[in-house]
Structure formats: structure tokens, C-alpha cells
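The values are calculated or read from the model by the stated rules, or taken from the named source; none is laboratory data. Since this is a predicted model, take the numbers as computed values, not measurements. Please note: Cβ atoms are built from the backbone with ideal geometry, for glycine as well, and neighbour counts cover all protein chains shown.
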């Protein structure tokens, strides 16, 4: 896994928005969360979700990185 969590920032788009709404312009952005054990977790989420326009779930950063590598 890459140590810099933002290297894909701005380069990943929401597939759910593309499939369900025909909109491929909604970016996935990175969110940092800190667990109760003080560990940092990074997830991607669709910007349209903030406006109630997308129902996609948060995706762990590692899963997105692996999908990009496989592609």
C-alpha cells in the first residue's frame, strides 16, 4: 500500500453515479477518521452523497488502491 493517502485524490470517480444516474463527473474524495484505538482510517466517498444524490458507501482507501492496480 502507498504511504501517501492522497495520491489518487481528484482522479477517482463514482461508478454508482455513472451506472444509476448517467453522471460520471462525481469525484470520490478522501475522508480521514480516527478510531477509538487512535488509529487513522482513510476512506473514499462520493461528493454527491453529501447532497443526498448518491447512496454509495464509504470505500476503504486500500480497496480503491487495489482496484486501480488491478485495472
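Restricting attention to the range 23-43, does a residue exist that is in contact with a strand residue (DSSP E or B) (Cβ under 7 Å, 6 or more places away or on another chain), under 17 Å from residue 11 (Cβ atoms), touching a residue at least 24 places away in the same chain (Cβ under 8 Å) and in a helix (DSSP H, G or I)? So far as the range 23-43 goes, no, none of its residues is in contact with a strand residue (DSSP E or B) (Cβ under 7 Å, 6 or more places away or on another chain), under 17 Å from residue 11 (Cβ atoms), touching a residue at least 24 places away in the same chain (Cβ under 8 Å) and in a helix (DSSP H, G or I).
Kindly evaluate residue 56 against the criterion of being in a loop (DSSP other than H, G, I, E, B) and within 15 Å of the chain's Cα centre (by Cα). It is true that residue 56 is in a loop (DSSP other than H, G, I, E, B) and within 15 Å of the chain's Cα centre (by Cα). Answer with yes or no whether residue 11 is exposed (fewer than 13 other Cβ atoms within 10 Å of the Cβ), modelled with pLDDT under 90 and out of contact with any helix residue (DSSP H, G or I) (no Cβ under 7 Å at 6 or more places or on another chain). Yes. For the range 32-69, filtered to residues that are under 12 Å from residue 17 (Cα atoms) and in contact with a helix residue (DSSP H, G or I) (Cβ under 8 Å, 6 or more places away or on another chain), the residue that is surrounded by the fewest Cβ atoms within 10 Å (Cβ to Cβ) is 55.
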